[in-house]
Structures are given as structure tokens and as C-alpha cells.
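First up is the structure itself, then whatever we jot down about it.
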């Protein structure tokens, strides 16, 4: 319907390689961007701050994870540790007096260095063993953060982030912080959308599909795995810093434990591997659905006159989140991105479904 | 450092390590038959402990009856999990399978906590907390009993793998395509291994529940159990027992030397270091057999 393909013909490589091959996709993306830009005016501040802002930052982080899992095909269970590296580095840099622009970059770069060290493990083993190594490194990082008083203040301490200033302007308002998050998320999204069109992206996909076949074709799989780990770690680092400075305002070791890594992995899997729109949807589902269902449950229990212990309500979101992951893996292992693509493919040829897609 | 103290650390470390082995045996049983690393084993152990307690409390069973009853229930749970959650994923990439076991872990933990609440409960095995004196060494009774249970479970597994069904399971772990072609019901075998792992989880949960109380922290045994299983070789039962002793001793003696240097809590660091080093230096573990894909 909206996705009419008729009359759109790509007759040379340049048009075929465009960012949006169908104008409807471009229009949709612009619409979403416009909605994002007017959100601070159109939405109550509470919703903006507690739903939209974390959604955008977690999406940026999950996109980084999707780069290494979905595009490069390497398992990564230690992603939250890299976010912690970025967050602590930038906060320390900013407290030291570095401008925030540089502090973000410093956080990202240090995370990239440490992420490449994770990749050293990736170069020796694959699959399950890679997952176990990154998991162990996550535990090492958790341990280091809670046992280094000079860095974090110790296990129960927190570190206040200095006021965010970009280009000389202090950013204190809700809308300002929101735009910082939006800007970072859009930047990551545009980077990943362009990945498909670049040699880097194609090399990563080749490594994912079969690394020695890629090596035969002249793609240095060793190098591209490091690049994938380092790039995703950079995104993780900056996302961690943005998360701390616009949402948490202070940084503690408990913010980036192994559970966060697993949650990010769940977002990527529920969203769909190597799918950008899927990642957006997956993050929204994993972040919001457990709370919403808990609310629904509480109302239903109230309506039926049944009362549950407060602890029950405290743990239902966890159970729902687990059930979501299990349900998606059984019903649609390719995630929400695949469901979106199915709908889009259907609309592309509607009402002539019998035609070749 | 006095020799007796070191000996005490070693013996108690080895006993604790055998308790990790008890947990790791469950992981190995599943990995052996289906090459699935069951990251939900910690949650299964936790569920096992709650089932034992509830059998005693709601159904009024004495503990000696509650434990076998819990084993029967967990056997059924293991079969169900394999049938509902894991079988549809056969042949999918490893990341989906890992995520499924993680999802199961989250789901089981969340559901158990939502039903039973987060407060720690005693299991009430009734083992005395007075230590045994062997010379000047103090040895914990429950750890000794647990080590005995580990050996018993290990021997039971060894004998089981010599029975008719056990030989089938060994064939499946050897080569499931070949087993299929000679008419062995592979799916049923894999289901059985999940059920057996759940039963092993009850054994682990009773001992660990007695030691540290029954609450969510039982599921945190996963990292240690996983380290033991990887160090021993993910598909080797003997490896799990030997690696448990090694890890236990390393942890107990090593943390004694390291703790003053790093300010406490070095046990987890040692465990993580052992896991990373094993994967980097010898990914198939001490006794493992599976080919590791390398680049």
C-alpha cells in the first residue's frame, strides 16, 4: 500500500546502493525522526524522561552489540563491562576537567581498547567457548569495579557525573538531555544503516557466514573480527557514558553487571540479528513489556479481589522477561525485525500477493 | 604458614570443590548428549531446593520422602523443558540455544521468586554444624556428606552408562546422526539427559541449600559449576569430579594468599581466571574430547 514498488527501477549500481531503495522506507524513517524531534514538546516530561530517553540510549547500546553478534557473528556476553569502562572513563575525564565532547571520545576509545582485548579471545576460539570467555571477562570486570576504590569508590559507592556541557552550553533541561540521547542514537543508527553499503559491512558479513571462505576471498577475518569488537566496544563505551550523564547522573558498579549484558543480548535476540528496526522494537519490548504486564497483572488481581505479596509483584517482571525471550525463540527466532519485514513484504505487493516479491 | 593450616585449607577446598562437581555433573549430562551448554542449571538447582521444601511443608512429607518426591517432579520438569523449549531449536545457531537457556534461567528464577518470595529459608537437613576434628584440622560435616553424595552420584552415573539406556546415551553423545540411523530414539535420549540433569540438580540443591540456605543465591553456583565443567572437559563426568577438586583447592588456598593482597573477595577472581585460562590454553578441558572449532 504505502510501500508501492511500482515504477521504482534501479538501473545502475549507484541507485541500487542507495541508503533507502524504496522511497516509502525513507519517508517512514524521516517521519520517525520528525516524531523524535517534536517529542519533547508533544510528550509529558515524565514519559519523555522515563521511557523515551532510556529507550534511545539502550537502543544505541544494543545496536553496538548487534554489530558484533548480528553482523560479525561473534558471541559477546561481556558487553555491559565495556559500557562500564566507557562510563567510568568519561566521568573521570570530565571530573578531571576535560570537556565532555572529549570525555565521551576518551570513554569510547578506552572501551575500544579493552574490547579489542576481549577480541584476542575471539581469535582463539569460537561459538560457545567465545561466549564463556566473554562471560568470564565480564565477571572479572565486575570484580575489578567493585574492588578498586581508587576507580569507583568501592562496591557500594557511587560517583557523581559532572554537569553535561556540550559546545560550551550547559545541558540541564529534560529536553536538552533528551536531544543528546537522540543525537547519539541517530548517529549509531546512521552508521549501521550505511554498513551494508560499505566494504567493512560486506567483509563482516562474509566473516560471519564462513570465516575461512572469507579468508579465501581475501578478507582478513582476523582483522575484521578485531574491528568488529573494537567498533562495538566504542559504541558501548559512549552509550554507557551517555546513559550515565543523561539518565542515571551517577555511576556505580551495580549498573553494569552481568545481568545487563544478558538483558542487552535478549534485546538483540528478541529484536532480530542484524536488523536495525528490529533492535529498536526489541529494546522497547524488553524494557517496557515486563513493567506493563506487571501493571496489568496488578489491576487484574485488584479486579478479582485477590491479593499477592509485594514480593510477587517485584519478581513478575523478571518472569515475564524470561517468558518473552523463551516465547520469541520458539515462535519467531528471527525476532521482531523478521515480523516487521514480513509485514513490509506483504504491503510491498498488496493487493497482488501472488506476484513475485 | 603452618602446615596443618594449609592441609586444612586443602581438604576443605577439595570437599567444597566436590560440591561444585555435584553441580557440574548436571551440566555435563546435558552437554554430553546434546552439546547444549545449560546455563539454566543454576536456576534448576534453585527450583529443586524449593520443590523439596514445598513437598515437606505443603504435603507434610518427611525429608527422606520429600527428596525422592522432588526428584520425580524435577525429572518431569526436565523432560518438559527439553520438549517445549529446546527441541524446537535443534539445528539453530549456538547463540539461539545459549539465549534460550539464559531465558529459561531468568524465567525459572523470576517465577520461583514470585511464588515463594526472596527470603532465605533453611532446608533443615539436620546435620550438625559442629566441625569434625581430624588431628588439629577442622572439617565441616555437611561438606563431607556432600562430597560423599558427589561420589555416589558419580558412581551411579558411571553404572548407569553401562546399562542398556546408558549405552544409548553414549551412542548419542558419540554421534547422533549415526545413532539415528541405527534406530536409537535420539530425541528421547536427549530428553532423558535433561531429566537426569534435573534430578542431579535436586541432589546439588539439597546439599547447597543446607549449606547456604535456600534462596536466589543458589543460582549463582552457575559460574563455578560452569568453570568446573569446562576445566574438566564439558563432556567428561570424571573430568567434572577431578576439576572440582582442583578448582576447590585452588580457590581455597589461592584466596588465602591473595585476599590480603587485593583486599578480600579474590575467590570469584580465581574462578573467572581459571575459566579464561582454560578456554585460552586448553578449550577441551582436562578430559574433554570434543573438537573445538578454531580459526
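The values are calculated or read from the model by the stated rules, or taken from the named source; none is laboratory data. All values reported here derive from a predicted model rather than from experimental measurement. All Cβ positions, glycine included, derive from the backbone under ideal geometry; neighbour counts span all protein chains shown.
Residue A:105 falls short on exactly one of the conditions (1) closer than 17 Å to residue A:191 by Cβ; (2) touching a helix residue (DSSP H, G or I) at 6+ places or on another chain (Cβ under 7 Å), and that condition is (2).
If only residues of region B:194-241 that are in contact (Cβ under 8 Å) with a residue 60 or more places away in the chain and not in a helix (DSSP H, G or I) are counted, the one that is surrounded by the fewest Cβ atoms within 10 Å (Cβ to Cβ) is B:213. Pairing each residue of region A:288-300 that is in contact (Cβ under 8 Å) with a residue 40 or more places away in the chain with any residue that is part of a helix (DSSP H, G or I), provided the two are 6+ apart or on different chains, yields C-beta distances under 9 Å for A:288/A:51; A:288/A:55. Evaluation of residue B:137 against the conditions (1) surrounded by 15 or more Cβ atoms within 10 Å (Cβ to Cβ); (2) more than 24 Å from residue B:46 (Cα to Cα); (3) modelled with pLDDT of 90 or more shows that the sole unmet condition is (3). What are the residues in region B:71-91 that are exposed (fewer than 14 other Cβ atoms within 10 Å of the Cβ) and either in contact (Cβ under 8 Å) with a residue 40 or more places away in the chain or not in a helix (DSSP H, G or I) (or both), if any? Once the filter is applied, which keeps residues that are exposed (fewer than 14 other Cβ atoms within 10 Å of the Cβ) and either in contact (Cβ under 8 Å) with a residue 40 or more places away in the chain or not in a helix (DSSP H, G or I) (or both), region B:71-91 yields B:76, B:90, B:91.
Tell me the residue from A:330, A:316 that is assigned to a helix (DSSP H, G or I) and surrounded by fewer than 20 Cβ atoms within 10 Å (Cβ to Cβ), please.
Sole residue among the options that is assigned to a helix (DSSP H, G or I) and surrounded by fewer than 20 Cβ atoms within 10 Å (Cβ to Cβ): A:330.
Is it the case that region A:166-176 has a residue that's away from chain B (no Cβ under 14 Å), in a helix (DSSP H, G or I), surrounded by fewer than 23 Cβ atoms within 10 Å (Cβ to Cβ) and without any contact (Cβ under 8 Å) to a residue 40 or more places away in the chain? There is at least one residue in region A:166-176 that is away from chain B (no Cβ under 14 Å), in a helix (DSSP H, G or I), surrounded by fewer than 23 Cβ atoms within 10 Å (Cβ to Cβ) and without any contact (Cβ under 8 Å) to a residue 40 or more places away in the chain. Summed over region A:289-306, residues that are touching a helix residue (DSSP H, G or I) at 6+ places or on another chain (Cβ under 7 Å) and either closer than 10 Å to residue A:336 by Cβ or more than 11 Å from chain B (Cβ to nearest Cβ) (or both) total 4. For residue A:131, state whether it is in a helix (DSSP H, G or I) and more than 14 Å from chain B (Cβ to nearest Cβ). Taking the combined requirement at face value, the residue does not satisfy it.
Considering only residues in region B:92-107 that are assigned to a helix (DSSP H, G or I) and more than 7 Å from chain A (Cβ to nearest Cβ), the one that is nearest to residue B:39 (Cα to Cα) turns out to be B:101.
Among the residues of region B:124-134, are any under 28 Å from residue A:315 (Cα atoms) and within 14 Å of chain A (Cβ to nearest Cβ)? Within region B:124-134, none of the residues are under 28 Å from residue A:315 (Cα atoms) and within 14 Å of chain A (Cβ to nearest Cβ).
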